[in-house]
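The values are calculated or read from the model by the stated rules, or taken from the named source; none is laboratory data. What you see is a predicted model; the values in this text were computed from it and never measured. Ideal geometry is used to build each Cβ from the backbone, glycine not excepted, and the neighbour counts take in all protein chains shown. The area values use the complete protein model at the heavy-atom level, side chains included, leaving out ligands, DNA and RNA. Shrake-Rupley method; radii C 1.70, N 1.55, O 1.52, S 1.80 Å.
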2 protein chains.
Amino acid sequence: MVELLPCGWKREELMPRLALHVLTDREWSRGRDMQTVAAAALAGGATIIQLRDKQATTRTLVEEGLALRELTRRHGALLIVNDRVDVALAIEADGAHVGQDDMPVALARKLLGPGRILGVSAGNLAEAEQAVAEGADYLGVGPIYPTRGKADAGPATGPALLQAISARYRVPLVAIGGITAANTPEVIAAGACGVAVITSVVAAEDITAAARAIAEQVRAARAAAGLTGEAT
Amino acid sequence: MVELLPCGWKREELMPRLALHVLTDREWSRGRDMQTVAAAALAGGATIIQLRDKQATTRTLVEEGLALRELTRRHGALLIVNDRVDVALAIEADGAHVGQDDMPVALARKLLGPGRILGVSAGNLAEAEQAVAEGADYLGVGPIYPTRGKADAGPATGPALLQAISARYRVPLVAIGGITAANTPEVIAAGACGVAVITSVVAAEDITAAARAIAEQVRAARAAAGLTGEAT
Ligand code: NI
């Protein structure tokens, strides 16, 4: 049976595209500009770049987004915009990601229309349930481990939250919060189809090598978990 | 001849609706909440409320916006959202207002569609020309006088900028920056069809009285300038 997500993607086709999600973050990028960081992450196997720049003006976000749009297209990667549904639409991103302080999920779904991907942050079962009911295409679940990348993240949930959500919902899950190459096998085994990272990639001295190490762990752990539809 | 603006409004119908534009501003509201401030301004004759809250999360902006949407409908006033085109669409505002650091005008026009009003800030003739070319329905021109309401405002232009723009373009102009009841006649005489205020209304002890005094000056000055289509 082919399962369609609210965005119209087939679940089995979106899942491999969610393997390695890299969030841009000016603060953790050691002075390297966003395009340099994103290009290096894509070279290492990032499958999604998420544009997140809470301090930028809308004009700057649009400019950064247009540059990332070209870069991600060239690499066959997805581009997702954090929080700003207007910027996602303006730069023709593949979708938007909203957290609990952002646009309510049902409104974001309505503005994005049926053709774009909507990711939603979930830190507990209740948030996961509401996000699924309101039209999320994937959930960013966490923080799984303690993290320094997001100042506003809640307490770490551990991989058990991935197990609990994946036992109840068919929505693809992306583990976020303190993810490294070392703990990637554990979160994939717990039910994630991919991971989202900030510091372990964008703060690395060799961004490409850091991304490649995590992407390789995702690939191996997905194969071990019997997940189909591997990107090559 | 009926002139249609890009939003589909007739120019002569939009102009009276632009008479008194009050921008919400948490910082200058002396601890009064946004709905209290907006309700008092509407009672005094504000014709547009512009939601502006640069510090708020998107979730908070949407909540504030939905409350203002109800309030402005009840008063027959317009609701415009500053910068955030996504929030404007989500709360079904009448339009959005963008400045030079916000969404580029052509993109904002595209996202808003043909049915919503797009206001654009212009601080000189070149900005006015570009805004008109890209689909602005009205221009917020200024800062006309020195102002403390917007930390990022440029140097004061004086009413001469209104004269220069209105001599070249048919787009309705709203004077902004340091506007009071005392200088309102001067900016209307110079070519504005209305004024936009922050501190002179939201920081007033009696917001309703402050709004009423300015609205009365706009009405009188518009009549003196022979502008038609007065709201009553
Ligand atoms: Ni490359």
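Need one number: buried accessible surface between chains B and A, 1.4 Å probe, both sides summed, DNA, RNA and ligands left out, in Å² to 100.
1700 Å²
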- Message: Quick check on packing: order A:79-91, A:58-70 by the mean number of other C-beta atoms within 10 Å, highest mean leading.
- Response: A:79-91, A:58-70
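Mind putting a number on the dipole of segment A:1-158 about its Cα centre? Charges go on the C-beta only, +1 for Lys and Arg and -1 for Asp and Glu, and I need it in Debye to the nearest 20. Can you show the working numbers first?
On the way: 18 positive and 21 negative charges, 76 e Å.
I would put it at about 360 debye.
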- Query: For the charge dipole of chain A, defined by +1 on Lys and Arg C-beta atoms and -1 on Asp and Glu C-beta atoms about the Cα centroid, which residue among A:ALA224, A:ALA136, A:SER200 has the Cα displaced farthest towards the positive pole?
  - Reply: A:ALA224
- Rounded to the nearest 0.05, what FRET efficiency do A:ALA223 and A:ASN124 have when you use their Cβ-Cβ distance and R0 = 25 Å? 0.25
- Item | Closest approach to the axis - chain B beta-carbon, rotation onto A, Å | B:ASP86, 2
- When ranked by the protection proxy of mean other Cβ atoms within 10 Å per residue, highest first, what sequence do the peptides B:16-28, B:179-191 form? B:16-28, B:179-191
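What value does chain B have for Rg/Rh, both radii from Cα atoms and Rh as Kirkwood defines it?
Numbers: Rg = 15.8 Å, Rh = 17.1 Å.
Reported Rg/Rh (Cα atoms, Kirkwood Rh): 0.92.
Where only protein heavy atoms count, and the probe is 1.4 Å, what is the accessible area per residue for the protein assembly as shown in Å²?
Values: 18710 Å² over 464 residues.
Value for the protein assembly as shown: 40 Å² per residue.
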- Query: Could you list log10 I(q)/I(0) for segment B:5-114 at q = 0.24 Å⁻¹, which the Debye formula gives when each Cα is one point scatterer?
  - Reply: -1.49
- Message: List, by residue number, every residue in segment A:25-68 with a reduction of 20 Å² or greater in accessible area between the chain on its own and the complete protein assembly, 1.4 Å probe.
- Response: A:THR57, A:THR58, A:ARG59, A:VAL62
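Calculate the dipole size of the protein assembly as shown relative to its Cα centre from +1 charges on Lys and Arg beta carbons and -1 charges on Asp and Glu beta carbons; express the result in debye to the nearest 20. Don't skip to the end; give the middle numbers.
Working: 46 positive and 52 negative charges, 59 e Å.
Dipole magnitude for the protein assembly as shown comes out near 280 debye.
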- Query: Within the protein assembly as shown, how many lysine pairs that are 8 or more places apart, or on different chains, have C-alpha atoms less than 18 Å apart?
  - Reply: 4
- Query: Any idea how far the Cα center of segment B:143-197 sits from the one of segment A:68-94, in Å?
  - Reply: 38 Å
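Could you work out the relative contact order of chain A? I mean the mean sequence separation of Cα pairs under 8 Å and 6+ apart, divided by the number of residues, in percent. Each step should come with its number before you reach the end.
Numbers: 478 pairs, mean separation 53.3, N = 232.
In percent, rounded to a whole number, it is 23.
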- segment B:11-224, accessible surface, carbon-and-sulfur percent (1.4 angstrom probe): 51 percent
- Message: For the protein assembly as shown, take the convex hull of the Cα atoms, compute a quarter of its surface area, and give me that in nm², please.
- Response: 22.8 nm²
- Message: Can you list the residues in segment A:94-112 whose accessible area drops by at least 10 Å² when all protein chains are present, compared with the chain alone? Use a 1.4 Å probe, heavy atoms only.
- Response: A:GLN100, A:ASP101, A:ASP102, A:MET103, A:PRO104, A:LEU107, A:LYS110, A:LEU111
